[in-house]
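The values are calculated or read from the model by the stated rules, or taken from the named source; none is laboratory data. In this text, all values refer to a predicted model and were calculated from it rather than measured experimentally. Methodologically, a virtual Cβ is constructed for each residue, glycine included, from the backbone with ideal geometry; neighbour enumeration extends over all protein chains shown. Just the protein is used for accessible areas: all its heavy atoms, side chains included, with ligands, DNA and RNA removed. Shrake-Rupley method; radii C 1.70, N 1.55, O 1.52, S 1.80 Å.
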Amino acid sequence: MQAYESLPAAPASSVDDDSTATRRDAGTTESSRANRGWWDRNADDYQVEHGTFLGDDRFVWGPEGLDEVEAELLGPAEELAGRDVLEIGAGAAQCSRWLAAQGARPVALDLSHRQLQHALRIDGGAVPLVEADAGALPFLDGSFDLACSAYGALPFVADPVRVLREVRRVLRPGGRFVFSVTHPVRWAFPDEPGPEGLSVSASYFDRTPYVEQDEEGGAVYVEHHRTVGDRVRDVVAGGFRLVDLVEPEWPAWNTQEWGGWSPLRGNLIPGTAIFVCERD
Ligand SMILES: C[S@@+](CC[C@H](N)C(=O)[O-])C[C@H]1O[C@@H](n2cnc3c(N)ncnc32)[C@H](O)[C@@H]1O
């Protein structure tokens with residue numbers, strides 16, 4: 001494993017220090033450009049803060065710590081061998097490394113060059129990496145048996161149906177796509193781990209994106225809100241059948257906070273929604 005300090009220098013992150021948060025529209029191009037920059041600038045901090053919890057070769061679906069070993073949302077682990085799997089918004093490709101250990105053939109795709117440099121740091125290039133936007137997948141039709149995404153891309157894109165259609169296109173018939181996102185109900189609450197995060201402060205039905213912007217008003221980070229119903233309709237419009245919607249409960253062993261996700265809130269309200277989808 002390459003030492004963390006041996007990576008080339010990361011882009012400066014001072015732009016984020018001067019940013020202000022607001023709710024306003026943000027389209028596909030602006031969201032993509034802002035998030036590529038944000039993840040490039042913040043990948044180092046993300047991996048330092050969460051790398052141990054994620055593990056170099058574990059498949060964790062979100063801050064609750066639900067592990068694919070127990071969840072088997074992609075199917076029984078013993079049936080993963082020989083399967084072509086696309087991981088979208090892979091970050092440092094921790095999930096792909098677990099899939100490879102099961103005998104699958106993963107490809108880890110991410111928008112952020114810096115996140116993928118962390119994948120290289122961890123395994124020296126053992127997992128194939130692709131730098132691309134989830135809205136325009138650089139693969140032929142029917143290239144994969146399975147696709148997965150743990151908080152990658154779907155929370156950040158303005159047009160989730162476009163991503164779902166792309167994933168459907170590159171999946172073979174009968175293929176499964178499983179993705180996790182922030183549970184939509186969380187958008188009605190302040191993103192705080194303590195008691196202040198338990199009182200409704202905004203409308204659940206307000207789809208206006210969360211945008212952090214620089215002094216000129218240019219977006220430097222964007223998240224898009226969809227209600228549960230919106231997500232279900234997106235899955236169907238993308239050409240999939242929804243076969244399960246998993247809301248992981250906060251386990252007693254997990255005492256760690258991750259941003260607004262905490263044991264306090266996790267015991268009372270859902271924090272993650274995992275959509276299990278299949279194409280015909
Ligand atoms: C919260 S991280 C999750 C990374 C990884 N799945 C994990 O669990 O650590 C979100 C990832 O999605 C990537 N991402 C955001 N928008 C994307 C897009 N439009 N296409 C591909 N990746 C995107 C980011 O670069 C980032 O690495």
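A few notes on this one:
- Residue within the stretch 148-170 that is among the charged types (D, E, K, R), near the ligand (Cβ under 9 Å from one of its atoms) and touching a residue at least 40 places away in the same chain (Cβ under 8 Å) present: no
- Among strands (runs of 3 or more DSSP E) entirely within the stretch 66-172, having at least 2 residues that are under 14 Å from the mean Cα position of the chain (by Cα) singles out 84-88, 105-110, 144-150.
- Within the stretch 192-243, the set of residues being assigned to a helix (DSSP H, G or I), open to solvent by 40 Å² or more (accessible area, probe 1.4 Å) and either within 17 Å of residue 269 (Cβ to Cβ) or in contact with a helix residue (DSSP H, G or I) (Cβ under 6 Å, 6 or more places away or on another chain) (or both) comprises 195, 196, 198, 228, 237.
- Residues being at pLDDT 95 or above, open to solvent by 60 Å² or more (accessible area, probe 1.4 Å) and not polar (S, T, N, Q) - total across the stretch 244-280: 8
- Residue check for residue 83: open to solvent by 20 Å² or more (accessible area, probe 1.4 Å), more than 11 Å from the ligand (Cβ to nearest atom) and under 28 Å from residue 260 (Cβ atoms): no
- Residue pairs whose Cβ atoms lie under 7 Å apart, sitting 6 or more positions apart in sequence or on different chains, and linking a residue in the stretch 34-59 that is closer than 20 Å to residue 224 by Cα and among the aromatic types (Phe, Trp, Tyr) to a partner that is modelled with pLDDT of 95 or more and near the ligand (Cβ under 9 Å from one of its atoms), are 39/111; 39/112; 39/114; 39/115.
- Filter result for the condition that a residue is more than 16 Å from residue 93 (Cα to Cα) and aliphatic (A, V, I, L, M), over 153, 202: 202
- Hits in the stretch 39-56 (condition: open to solvent by 50 Å² or more (accessible area, probe 1.4 Å) and either closer than 17 Å to residue 178 by Cβ or touching an Asp or Glu at 6+ places or on another chain (Cβ under 8 Å) (or both)): 56
- Subset of the stretch 204-234 (residues that are among the hydrophobic types (A, V, I, L, M, F, W, C) and closer than 13 Å to residue 273 by Cα): 228, 232
- Positions within the stretch 143-165 being open to solvent by less than 30 Å² (accessible area, probe 1.4 Å) and within 12 Å of residue 240 (Cβ to Cβ), in sequence order: 147, 160, 161, 163, 164
- Residues of the stretch 94-113 satisfying the condition of being near the ligand (Cβ under 9 Å from one of its atoms), open to solvent by less than 30 Å² (accessible area, probe 1.4 Å) and touching a residue at least 40 places away in the same chain (Cβ under 8 Å): 94, 95, 110, 112
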